[in-house]
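J.: Sharing a structure here in structure tokens format.
The values are calculated or read from the model by the stated rules, or taken from the named source; none is laboratory data. Owing to the predicted nature of the structure, the values given are computational and were not obtained by experimental measurement. With ideal geometry, Cβ positions are generated from the backbone for all residues, glycine too; neighbour counts draw on all protein chains shown.
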Amino acid sequence: MVKVFFALLFVGDPTSAPSAIAITISPLESAYFQSGQITVRGSFRYVDRNATDQPARFVRVLLYDADVNSVDDLLGETTTDQNGIFQFASLPNQDNDEPGSTLDIYLIWVAEFNDSAAAQRRVADLGGNVYRWRSEIRHNVANGEHIFNNQVPNNQRPAMWIFQDLRRSWEYVRNNVNIDSGSITARWADNVDCWLICASYFYGGVGGPYIFISTQHQNSADVVVHEAAHHYLYNRANWWVLDVNCFNHQIFGQVNSESCAWSEGWADFLPLLVNDDVCFDWGRGPCGAGGGAFENLEDRSRNDMPPAFPWGDRVEGRIAGALYDFFDNNNEGFDSAIFGFGPIAAIVLDAQPEDSFFTFWRRWQASSNNRHNALRALYQNTIDYNTSPRFDPLLPNLVALRGVAWPRALDLWSYAVDDDSADSELRFQLVSVSDNRCGVTLTENRWIDLTPQANWLGVCDVTVRASDTIASVDDTFRVTVAPIVALNYLPAVIKPDVAAGGSH
């Protein structure tokens, strides 16, 4: 035991007060009073798919005191920031399990992070154990600052690649549409290509949900985000496709299941945005860089013909291409859509699942989103949900007077109808006029004007076409140019100009 003396100062009669008081404390308490402080900081990094050194962003960091005869003590927990940097608060440099000794410290970095109150991201092995990376132990450390700069070991780099892919996916959705896409657990193990099936996949059944990333796909950020996109549908709408016909799907292979095509098409689309690349790569990318198969979904159009490139909404690549044309501002062919990610995410990532792309389209129609340009983007990608315009009622016959011009004789917008296009989005054309002496013209993509030839009488048949730029309809009306039989003059009532001196 140790005695510690405290001198006391009294105000008053010094002869009646003790000069000091002795207090007995234990050796452990004595060591505490004698200890200093330590601070621990540093960085954690990894080598990415392109062999470039990168910060390990948003990784849990645990600080431990190693003990020989008992369980190691957890001294603190923090996370790396966006630069892979971390720092712990100052700690007393005293080993409570070894009186008189200073700490024996080490760190563990954990591939687990709470991206939000509702979203935890983690990468685990096939047994469900989250990947952890441990530093060396530093025994009986001196007071002051201790810096740990460590890196993910070579054989476990893919675990960190996947971990960072998942973070970027979550960030993209949250930052662009303010939707929290929820938690994800990824399973990966070195040199494991097959686990239940020989492919990467999402599983939402008993023991799930999780995504499995095969080592054959560990180099592909697109595959990781693809599987994450499936997980997001499960998180947000409790929906996923368990269909044996979907196990061997191909991006441009026609499947029997509309649900499979929709689910996979959505999952092919999201990586293009997250990874900022129009190609879906099964390797490092972009667009085949570094080896590996790829598919440029922006290039596919109605010019790509079956059987190599099947058409329609049972082809996941066509759905992904259509969604990308909804999103981007690079319009080609029929595509005239520039919607961004927001309107798409508002439908896909709400609580109401879509079991097919056509169901997604029905919800798009029911929204306030433009339908005319959306249909053109679909058509560009061989998906035809368009309905033809029609004249309802049919165009009326007209009677014009000889030699009398009649501007705006007929408003085509009052007769043309299209379920998904506004009048201003339709295109009108004079297909034929049986006799040009009628003087029929079309102006402002709306009005039929009549300027009959002077001193000419007769009839002509006029055919007008209304088009939504995908489909069209024709209607024919007759113009009769008749003589003027009589002119009736009505009396004019003129209000006099009082200011000029006129009278009533």
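J.: Quick one: which of E77, E112, E136 is touching a Leu at 6+ places or on another chain (Cβ under 7 Å), among the acidic types (D, E) and modelled with pLDDT of 95 or more? Working first, answer last.
T.: On the way: E112 fails: touching a Leu at 6+ places or on another chain (Cβ under 7 Å); E136 fails: touching a Leu at 6+ places or on another chain (Cβ under 7 Å).
Being touching a Leu at 6+ places or on another chain (Cβ under 7 Å), among the acidic types (D, E) and modelled with pLDDT of 95 or more holds for just one of E77, E112, E136, which is E77.
J.: So, one more: Return yes when N445 is at pLDDT below 95 and either surrounded by fewer than 17 Cβ atoms within 10 Å (Cβ to Cβ) or in contact with a His (Cβ under 6 Å, 6 or more places away or on another chain) (or both) and no when it is not.
T.: On the way: at pLDDT below 95: no; either surrounded by fewer than 17 Cβ atoms within 10 Å (Cβ to Cβ) or in contact with a His (Cβ under 6 Å, 6 or more places away or on another chain) (or both): yes.
So N445 does not fit the description; no.
J.: Give the stretch 259-294 a look and list any residue that's closer than 17 Å to Q216 by Cβ, of a type in the set (D, E, K, R) and in contact with a Phe, Trp or Tyr (Cβ under 9 Å, 6 or more places away or on another chain), or say none.
T.: Once the filter is applied, which keeps residues that are closer than 17 Å to Q216 by Cβ, of a type in the set (D, E, K, R) and in contact with a Phe, Trp or Tyr (Cβ under 9 Å, 6 or more places away or on another chain), the stretch 259-294 yields only D281.
J.: Among the numbered criteria (1) closer than 22 Å to I179 by Cβ; (2) without any contact (Cβ under 8 Å) to a residue 40 or more places away in the chain; (3) more than 12 Å from the chain's Cα centre (by Cα), which single criterion is violated by I347?
T.: Condition (3) is where I347 drops out.
J.: Can you name the residue in the stretch 138-189 that is among the polar types (S, T, N, Q) and under 19 Å from G208 (Cβ atoms) and, of all such residues, is farthest from the chain's Cα centre (by Cα)?
T.: Quick first cut of the stretch 138-189, residues among the polar types (S, T, N, Q) only: 140, 143, 149-151, 154-156, 164, 169, 175-176, 178, 181, 183, 185.
Within this subset, residues satisfying the condition of being under 19 Å from G208 (Cβ atoms) are 169, 181, 183, 185.
Working: S169: 8, S181: 10, S183: 16, T185: 19 Å.
Among those residues, the one meeting the criterion is T185.
J.: Of the conditions (1) out of contact with any strand residue (DSSP E or B) (no Cβ under 9 Å at 6 or more places or on another chain); (2) in contact (Cβ under 8 Å) with a residue 12 or more places away in the chain; (3) among the hydrophobic types (A, V, I, L, M, F, W, C); (4) over 25 Å from G285 (Cα atoms), V225 clears all except one; give me its number.
T.: Status for V225: all satisfied but (4).
J.: Additional query: List the pairs whose first member sits in the stretch 386-415 and is free of Cβ contacts under 8 Å to residues at least 40 places away in the same chain, whose second member is assigned to a helix (DSSP H, G or I), and whose Cβ atoms are under 7 Å apart, counting only residues at least 6 apart or on separate chains?
T.: The qualifying pairs are W413/D423.
J.: Right, something else. Of the residues that sit in the stretch 94-112 and are in a strand (DSSP E or B) and surrounded by 21 or more Cβ atoms within 10 Å (Cβ to Cβ), which one is nearest to the chain's Cα centre (by Cα)?
T.: Going through the stretch 94-112, the residues in a strand (DSSP E or B) turn out to be 105-110, 112.
Checking which are surrounded by 21 or more Cβ atoms within 10 Å (Cβ to Cβ) leaves us with 105, 107, 109.
Values: I105: 42, L107: 35, W109: 29 Å.
In this case the residue turns out to be W109.
Each row is one residue, and each column tells you yes or no for (1) of a type in the set (D, E, K, R); (2) under 30 Å from A320 (Cβ atoms); (3) at pLDDT 95 or above.
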residue	(1), (2), (3)
R363	yes, yes, yes
H372	no, yes, yes
D384	yes, yes, yes
S388	no, yes, yes
W406	no, no, yes
S414	no, no, yes
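J.: Still on this model: Just need a number here: residues in the stretch 116-132 that are free of Cβ contacts under 8 Å to residues at least 60 places away in the same chain and crowded, with 19+ Cβ neighbours inside 10 Å. If you could, list the steps in order and put the result at the bottom.
T.: At the first step, the residues of the stretch 116-132 found to be free of Cβ contacts under 8 Å to residues at least 60 places away in the same chain are 117, 127-132.
Those still in the list that are crowded, with 19+ Cβ neighbours inside 10 Å too: 131.
Going through the stretch 116-132 one residue at a time, the tally reaches 1.
J.: Within the stretch 249-265, can you find the residues that are assigned to a helix (DSSP H, G or I) and in contact with a helix residue (DSSP H, G or I) (Cβ under 6 Å, 6 or more places away or on another chain)? Please lay out each step first, then the result.
T.: At the first step, the residues of the stretch 249-265 found to be assigned to a helix (DSSP H, G or I) are 258-265.
Of everything in the stretch 249-265, those that are assigned to a helix (DSSP H, G or I) and in contact with a helix residue (DSSP H, G or I) (Cβ under 6 Å, 6 or more places away or on another chain) turn out to be C260, A261, W262, E264, G265.
J.: Is it fair to say R174 is basic (K, R), buried (at least 18 other Cβ atoms within 10 Å of the Cβ), modelled with pLDDT of 95 or more and not assigned by TED's automatic domain parsing to the domain that holds F269? Let's see the steps before the verdict.
T.: Working: basic (K, R): yes; buried (at least 18 other Cβ atoms within 10 Å of the Cβ): no; modelled with pLDDT of 95 or more: yes; not assigned by TED's automatic domain parsing to the domain that holds F269: yes.
It is false that R174 is basic (K, R), buried (at least 18 other Cβ atoms within 10 Å of the Cβ), modelled with pLDDT of 95 or more and not assigned by TED's automatic domain parsing to the domain that holds F269.
J.: Still on this structure, please answer the following. Considering only residues of the stretch 230-249 that are touching a residue at least 60 places away in the same chain (Cβ under 8 Å) and on the phi < 0 side of the Ramachandran plot, which is surrounded by the fewest Cβ atoms within 10 Å (Cβ to Cβ)?
T.: Step one: filter the stretch 230-249 for residues touching a residue at least 60 places away in the same chain (Cβ under 8 Å), giving 232-233, 236-239, 249.
Add one more test, that the residue is on the phi < 0 side of the Ramachandran plot, and what stays is 232-233, 236-237, 239, 249.
On the way: Y232: 26, L233: 23, R236: 20, A237: 15, W239: 17, H249: 21.
Per the criteria, the residue is A237.
J.: Oh, and also: Those residues that are closer than 19 Å to P271 by Cβ and part of a loop (DSSP other than H, G, I, E, B), I need them from the stretch 120-178; list them, please.
T.: Scanning the stretch 120-178 gives no hits.
J.: Would you check if there is a residue in the stretch 360-367 being in contact with a Ser or Thr (Cβ under 7 Å, 6 or more places away or on another chain), assigned by TED's automatic domain parsing to the domain that holds W311 and not in a loop (DSSP other than H, G, I, E, B)?
T.: Within the stretch 360-367, the subset in contact with a Ser or Thr (Cβ under 7 Å, 6 or more places away or on another chain) is none.
Scanning the stretch 360-367, I find no residue that is in contact with a Ser or Thr (Cβ under 7 Å, 6 or more places away or on another chain), assigned by TED's automatic domain parsing to the domain that holds W311 and not in a loop (DSSP other than H, G, I, E, B), so the answer is no.
J.: So, one more: Only one of D325, D313 is within 23 Å of G253 (Cβ to Cβ) and in a helix (DSSP H, G or I); which?
T.: Working: D313 fails: in a helix (DSSP H, G or I).
When all the criteria are applied, what remains is D325.
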